[in-house]
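Visitor: Got a structure for you, written out below as structure tokens; questions coming shortly.
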Amino acid sequence: MRSLVLGGGAREHALAVAIARSPRVREVLALPGNAGIGAIARCLPGKADDVAHVVAVAKRERVDLVVVGPEAPLVAGIVDALAQAGVPAFGPSRAAAEMEGSKAFSKRFMKRHGVPTSDFEVFEGAASAEAAKAFVRSRGRPMVVKADGLAAGKGVVVAASVEETCAAIDDMLVGGAFGEAGRTIVVEERVTGLELSFHALCDGERFVPLAAARDHKRVFDGDRGPNTGGMGAFSSDELVSARLYQRIVDEVIAPTVRGLAADGRPFRGVLFAGLMLGEGGGDDAADAARPLSTLEFNVRFGDPETAVLLARLDADLVPYLDGAARGALGALAEAPPPVARDAAVAVVIAASGYPGAPRLGDPIGGLARAAAMPHVQVLHAGTALREGAIVSAGGRVLCVAARGADVDQACERAYAAVDCVELAGAVVRRDIAASARRRGGH
Ligand code: GLY
């Protein structure tokens with residue numbers, strides 16, 4: 001089989017590595033890829049969200065399976081266009097991708113299908129700004145304001161006061177802060193607790209849940225500073241008890257997959273639920289009662305979550321991707337999830353100035369030494385080849401993932417490899433997975 005991976009970040013590098021390992025795969029292509037992906041795949045020029053170009057490339061190269069990394073091409077309908085051209089693709093249709101492409105659609109879907117999520121209202125257009133602010137004032141507490149459409153991960157304001165909530169409403173509805181994506185907004189109740197990422201591979205009817213993971217979104221240690229695309233992640237069975245894992249499957253994933261099929265939007269691809277676990281838990285009874293709320297759905301793999309999820313995958317990924325794409329997970333959906341009982345930690349190395357104005361074009365050293373360390377994968381995110389040298393070419397530059405018997409060991413391995421990498425002014429969090437190390441993960 002010949003597989004084409006769309007995208008060019010660490011997520012796509014992790015996917016390309018897993019796909020290249022499959023005995024079923026003869027060749028991996030990537031569009032556009034990056035300097036790291038180029039070592040294991042043939043990188044092709046172009047943009048992943050240029051639908052017509054991707055379809056033409058997939059047909060010309062006789063691709064058997066396209067694996068779509070980022071959300072933009074999915075929301076633009078790339079899977080539908082590829083299907084029309086007779087090319088199977090892993091990822092949801094445009095209709096199913098609305099779960100990420102429209103926050104208003106996704107919140108209304110959750111309410112209709114009984115998926116736990118916070119209370120909310122939807123407001124549309126500048127004329128609704130006064131009504132939106134009146135809604136917030138009537139609640140008398142700070143709320144969350146979300147741009148309806150895709151906003152490169154920046155369209156969510158978790159306000160600290162009523163005034164800040166109202167200002168965010170004005171920014172989006174009146175000021176056009178996110179353009180068309182913010183013309184409609186969701187205003188919702190804030191929920192607090194511990195965030196959790198949960199992924200399931202779906203074939204439209206059946207699904208295979210993967211391990212839980214936790215991302216670290218703030219740029220500095222101690223969860224300080226601005227939000228980023230993700231500065232690191234970890235995954236281990238200690239993150240959620242068996243009881244909580246089952247609750248997430250039964251209360252979030254299963255009704256979502258069922259509901260989308262019932263609504264005529266069967267979901268094929270990876271469904272990524274961003275969850276908030278309320279405080280508490282620890283024993284079976286407490287976990288049964290622990291508050292669980294769905295913050296959002298994404299319709300693609302998380303980044304950096306993919307690095308830790310695939311590190312723990314004890315199986316060939318390709319039959320899962322191919323089965324999901326063809327609506328035929330079959331026996332794979334009946335078997336226990338193919339997740340090892342160990343742990344993985346991923347640490348992002350970002351460019352100087354990230355996330356504001358990252359400096360690009362800096363040489364990166366020590367890559368071979370880092371990659372040679374046992375149980376470590378050095379995934380490229382924003383890199384490029386310049387005159388034979390690898391240089392930084394994006395805000396998040398590398399993602400160093402390591403596997404270990406437990407979080408402590410995975411962490412030690414990941415940071416030992418991070419310390420081999422030389423990038424001037426690199427921004428690195430030193431406390432990835434520290435919560436699990438201090439408190440046993442719960
Ligand atoms: N790590 C969060 C995301 O991929 O959206």
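Visitor: State all residues of region 103-121 that are more than 20 Å from Ile169 (Cβ to Cβ), small (Gly, Ala, Ser) and buried (at least 17 other Cβ atoms within 10 Å of the Cβ); if no residue qualifies, say none.
Guide: none
Visitor: Also: Which of (1) buried (at least 18 other Cβ atoms within 10 Å of the Cβ); (2) more than 16 Å from Val348 (Cβ to Cβ) does Ala233 not meet, given it meets every other one?
Guide: Result: Ala233 fails condition (2) only.
Visitor: List the number of the failed condition for Glu412; all other conditions in (1) in contact (Cβ under 8 Å) with a residue 40 or more places away in the chain; (2) more than 22 Å from Glu12 (Cα to Cα) hold.
Guide: Unmet for Glu412, out of (1) in contact (Cβ under 8 Å) with a residue 40 or more places away in the chain; (2) more than 22 Å from Glu12 (Cα to Cα): (1).
Visitor: For Pro226, all conditions in the list (1) modelled with pLDDT under 95; (2) within 16 Å of the ligand (Cβ to nearest atom); (3) surrounded by 23 or more Cβ atoms within 10 Å (Cβ to Cβ) hold save one; what is the number of the exception?
Guide: Going through (1) modelled with pLDDT under 95; (2) within 16 Å of the ligand (Cβ to nearest atom); (3) surrounded by 23 or more Cβ atoms within 10 Å (Cβ to Cβ) one by one, Pro226 breaks only (3).
Visitor: Considering each of Glu100, Glu124, Glu130 in turn, give the residue that is surrounded by 19 or more Cβ atoms within 10 Å (Cβ to Cβ) and on the phi < 0 side of the Ramachandran plot.
Guide: It is Glu100.
Visitor: Which one of these does Cys202 not meet: (1) assigned to a helix (DSSP H, G or I); (2) in contact with a helix residue (DSSP H, G or I) (Cβ under 7 Å, 6 or more places away or on another chain)?
Guide: Looking at each condition in turn, Cys202 falls short on (1).
Visitor: Tell me yes or no: at least one residue of region 240-251 is within 16 Å of the ligand (Cβ to nearest atom) and in contact (Cβ under 8 Å) with a residue 40 or more places away in the chain.
Guide: Looking for residues that are within 16 Å of the ligand (Cβ to nearest atom) and in contact (Cβ under 8 Å) with a residue 40 or more places away in the chain, one finds none in region 240-251, hence no.
Visitor: When you go through (1) away from the ligand (no atom under 16 Å from the Cβ); (2) assigned to a helix (DSSP H, G or I) one by one for Arg11, which number turns out not to apply?
Guide: Answer for Arg11: the failing condition is (1).
Visitor: List the strands (runs of 3 or more DSSP E) inside region 210-254, counting only whole elements, that have at least 3 residues being closer than 20 Å to Ala288 by Cα.
Guide: Output list is empty.
Visitor: Would you be able to tell me the number of residues in region 102-151 that are of a type in the set (Gly, Ala, Ser) and not in a helix (DSSP H, G or I)?
Guide: Residues that pass the stated criteria total 8.
Visitor: Taking only pairs six or more apart or across chains, which ones have beta-carbon atoms under 7 Å, a first residue in region 291-305 that is under 19 Å from Val75 (Cβ atoms), and a second residue that is basic (Lys, Arg) and within 11 Å of the ligand (Cβ to nearest atom)?
Guide: Close Cβ pairs (under 7 Å, with a partner that is basic (Lys, Arg) and within 11 Å of the ligand (Cβ to nearest atom)) amount to Phe301/Arg11; Asp303/Arg11.
Visitor: Same structure, new question: Looking at region 283-306 only, could you name the residues that are more than 16 Å from the ligand (Cβ to nearest atom), of a type in the set (A, V, I, L, M, F, W, C) and at pLDDT 95 or above?
Guide: Passing the criteria: only Leu292.
Visitor: While we're here: What is the residue count in region 411-437 for residues that are surrounded by fewer than 21 Cβ atoms within 10 Å (Cβ to Cβ) and not in a loop (DSSP other than H, G, I, E, B)?
Guide: Residues flagged as surrounded by fewer than 21 Cβ atoms within 10 Å (Cβ to Cβ) and not in a loop (DSSP other than H, G, I, E, B) within region 411-437 amount to 7.
Visitor: Of the conditions (1) touching a Pro at 6+ places or on another chain (Cβ under 9 Å); (2) within 16 Å of the ligand (Cβ to nearest atom); (3) at negative phi, Gly269 clears all except one; give me its number.
Guide: For Gly269, the failing item is (3).
Visitor: Just to verify a result, which residue in region 173-199, among those that are part of a strand (DSSP E or B) and over 19 Å from the mean Cα position of the chain (by Cα), is farthest from Glu279 (Cα to Cα)?
Guide: Going through the qualifying residues, I end up with Thr184.
Visitor: What are the pairs, 6+ residues apart or on separate chains, where a residue within region 4-20 that is at positive phi has its Cβ under 9 Å from a residue that is of a type in the set (S, T, N, Q) and within 12 Å of the ligand (Cβ to nearest atom)?
Guide: Going by the 9 Å Cβ cut-off, there are no qualifying pairs.
Visitor: Do you know which residues across region 165-181 are farther than 14 Å from Glu130 by Cα and not aliphatic (A, V, I, L, M)?
Guide: The answer is Gly176, Phe178, Gly179, Glu180.
Visitor: Report yes if some residue within region 156-168 is touching a residue at least 40 places away in the same chain (Cβ under 8 Å) and crowded, with 23+ Cβ neighbours inside 10 Å; otherwise report no.
Guide: No - not one qualifying residue is present in region 156-168.
Visitor: Quick one: would you say Gly278 is surrounded by fewer than 24 Cβ atoms within 10 Å (Cβ to Cβ), under 24 Å from Leu150 (Cβ atoms) and either away from the ligand (no atom under 14 Å from the Cβ) or at pLDDT 95 or above (or both)?
Guide: The answer is no for Gly278.
Visitor: Same structure again: Among the candidates Leu321, Leu329, Leu309, single out the residue that is in contact (Cβ under 8 Å) with a residue 12 or more places away in the chain, crowded, with 19+ Cβ neighbours inside 10 Å, within 16 Å of the ligand (Cβ to nearest atom) and under 25 Å from Val28 (Cβ atoms).
Guide: When all the criteria are applied, what remains is Leu309.
Visitor: Here's a check for you: in region 336-348, which residue that is modelled with pLDDT of 95 or more and more than 16 Å from the ligand (Cβ to nearest atom) is surrounded by the fewest Cβ atoms within 10 Å (Cβ to Cβ)?
Guide: Here the answer is Asp342.
Visitor: Then there's this: Determine which member of the set Leu210, Leu260, Leu194 is within 16 Å of the ligand (Cβ to nearest atom) and either among the acidic types (Asp, Glu) or under 23 Å from Ala325 (Cα atoms) (or both).
Guide: Leu210 is the lone residue from the list that is within 16 Å of the ligand (Cβ to nearest atom) and either among the acidic types (Asp, Glu) or under 23 Å from Ala325 (Cα atoms) (or both).
The values are calculated or read from the model by the stated rules, or taken from the named source; none is laboratory data. Just so we're clear, the structure is a prediction, and the values are computed from it rather than from any experiment. Note: ideal-geometry Cβ built from the backbone for every residue, glycine included; neighbour counts use all protein chains shown.
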